[in-house]
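The values are calculated or read from the model by the stated rules, or taken from the named source; none is laboratory data. Predicted, not measured: the structure shown is a model, and the values here were computed from it. Heads up, the Cβs are rebuilt from the backbone with ideal geometry, glycines too, and the neighbour counts pull from every protein chain shown. Ligands, DNA and RNA are excluded from the accessible area calculation, which covers all protein heavy atoms including side chains. Shrake-Rupley method; radii C 1.70, N 1.55, O 1.52, S 1.80 Å.
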Amino acid sequence: MNGFPILSVMLAVPAIAAVACLFLSAQTARLTALGATLVNLALGVVLWLNFDIGGAQWQFVESAPLFGRFGWALGIDGYALLLIALSVFLMPICIGASWHAIQKRVPEYMSAFLFTEVLMIGTFAAQDIFLFYIFFEAGLIPMFLIIGIWGGANRIYASYKFFLYTLLGSLLMFIAMLYMSITANTTSIPVLMAYDFPAHVQTWLWLAFFASFAVKMPMWPVHTWLPDAHVQAPTAGSVILAGVLLKLGGYGFLRFSLPMFPEASAQLTPLIFGLSAVAVIYTSLVALVQADMKKLIAYSSVAHMAIVTIGLFAFNAQGIEGAMMVMLGHGLVSGALFLCVGVIYDRLHTREIARYGGLAINMPRYAIFFLLFTMASIGLPGTSNFVGEILSLMGAYQVSTWTALLCTTGIILGAAYMLYLYRRVVFGEIKSDEVRAMPDLSRRELWLLAPIAAVVLWMGVYPESFLAPMRKDTQVLLARINRAQPAGDSKPTRGTGIIPSAHAESAHDNPASGEAH
């Protein structure tokens, strides 16, 4: 890129457009927001094409000291690249989904979404620990406003619950960051990733970060804010919340907890496995009895994100790469499912499952897209979620057979509630004249769902496109955490759970991971 500050430009484009939207009419604000997000999508494609797979770990690095140790420091590795790509891909779709659904305070709404994009990209690209914290925490503000102003009838309660849950844990993380910067005499994330904190200190630092990341994921039992937030948020708010904002917790574990506190991570792996196994089964059972479509998909998100934490803390290549693939796949599929709910909500203005039925008769195109995303959510081979889930479970099996078994049970329950939802909404007889009069997908709605469907199939058929950018980063991470392998119950295969850096290249010739790659 010849020194071109592409990451700063990707932050500046939506930021400038967000400010401009506040002074424009409703329709002009819509066009401005769509234009800015499409420009960022194009820049994201340029970023992807110019990323050197197998090159330096940190690329597109920008650094400018501001004051003291704190500075404007940006740069990405393979993990950040994939999550930034997910963010810029979903944002134009969110703007399109809000085109007719949002009619009040449109300029402010578009501005809030554009600021959300700025903060998401900034979080993934930040290389200074306090710059990360600013972006990470500021992301609360636009989403708080989106839920609280443009949400449903109980939006105030949901927005304050969302804000308070996420803020409390982040205060503990900030205290830990202050200690780390003073102890290591740096605020650079790459430097801190290689710094060896004393083992007894790591535990406290790990718990402080865990308080924030567990809520963001969200992990059981601090997940209760998520169903309320999803139900009350507008459709596009649910898409970006499930698609990207939930991934901030997983990215935090990957960027901070594992490389900076490897001994504490290994020591507390049983806690992660236990909470995650409970989450997969419990939230799947809760999803089975939901009457509201959004709430059902929200509980399914908790179960899917529990697969992410299990994969990350398996301490092996399959688990970590699988966790990243689950984050990407879930971001696409859950966003698409919320769009599918929004499509029929705009027609009938209810999310009650019992009010629908027989949509395959008068909405066949909708039924096809809904079926694809339902199957992808279940983890059907050939779709995005299958690759991530099989790799995560293979990684977990090498450490804990029981955890892998329990999580597989949860995936079976996931098939039960998603197929049950699809049957009640799409099949059967049409129950009312209102449902019979519902038109099929419009051209705008087709343009929203078709790109997601294409990428979901792309990930399922050729996952190497998404695995390749993160492979070297996974090797670097494994070399860092190799000394702190967690004790597991899968004794015969546990020795393969950690891949020494000297043999990292041969790890991907392993038959266990060869099929998915």
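Here are a few things to note about the model shown:
- Within the accessible area of the chain, the carbon and sulfur atoms contribute 68%, probe 1.4 Å, all protein chains present.
- The stretch 399-414 residues near the modelled Tyr420 label - backbone nitrogen below 11 Å, point 7 Å along Cα→Cβ: 413-414
- Residue (of Thr187, Asn362, Phe89) at the positive-pole extreme of the chain, dipole from beta-carbon charges: Asn362
- Gain in span if fully extended, Ile361 to Ser432, counting 0.36 nm per residue against the direct Cα distance: 24.3 nm
- Entry comment: accessible area of the chain is 36 Å² per residue, from protein heavy atoms only and a probe of 1.4 Å.
- Equivalent ellipsoid semi-axes, the chain, via Cα gyration tensor eigenvalues times 5, rooted, Å: 34, 28, 21
- Cα centre as origin, Lys/Arg/Asp/Glu Cβ charges: the stretch 1-137 dipole, Debye: 420 debye
- When the Cα gyration tensor is reduced to axis lengths a ≥ b ≥ c, the ratio a/c is 1.5 or higher for the stretch 1-101, and with a/b not above b/c it is classed as oblate.
- Dividing the helix sum by the residues of the chain, where each DSSP H run of 4 or more adds -39500 (n - 2.57), gives a mean residue ellipticity at 222 nm of -22500 deg cm²/dmol.
- The stretch 63-114: trypsin sites (Lys or Arg not before Pro) falling in loop per DSSP and having at most 10 other Cβ within 10 Å: Lys104
- Highest-first arrangement of 157-168, 241-252, where packing means the average Cβ count within 10 Å: 241-252, 157-168
- Most positive-pole-ward Cα, Gly335, Gln398, Gly3, against dipole of the chain from beta carbon charges: Gly335
- Sites Leu288 and Val201, calculated FRET efficiency, Cβ-Cβ separation with R0 41 Å, nearest 0.05: 0.40
- Check: the stretch 69-148 dipole with +1 on Lys, Arg Cβ and -1 on Asp, Glu Cβ, in debye: 200 debye
- Dipole magnitude for the chain: about 920 debye, using +1 per Lys or Arg Cβ and -1 per Asp or Glu Cβ, origin at the Cα centre.
- Length available on full extension from Ser63 to Asn185: 0.36 nm per residue minus the Cα-Cα distance, which gives 42.2 nm.
- When the alpha carbon coordinates of the stretch 390-432 are projected onto the principal axes, the ranges are 52, 16, 9 Å, largest first.
- Each label point was placed 7 Å from the Cα along the Cα-to-Cβ direction; for Leu371 and Trp72 their separation is 5.2 nm.
- Sequence ranges 217-227, 178-188, ranked by mean other-Cβ count within 10 angstrom, highest first: 217-227, 178-188
- Per-pair calculated FRET efficiency, R0 = 30 Å: Leu164 and Ala101 via Cβ, rounded to 0.05: 0.65
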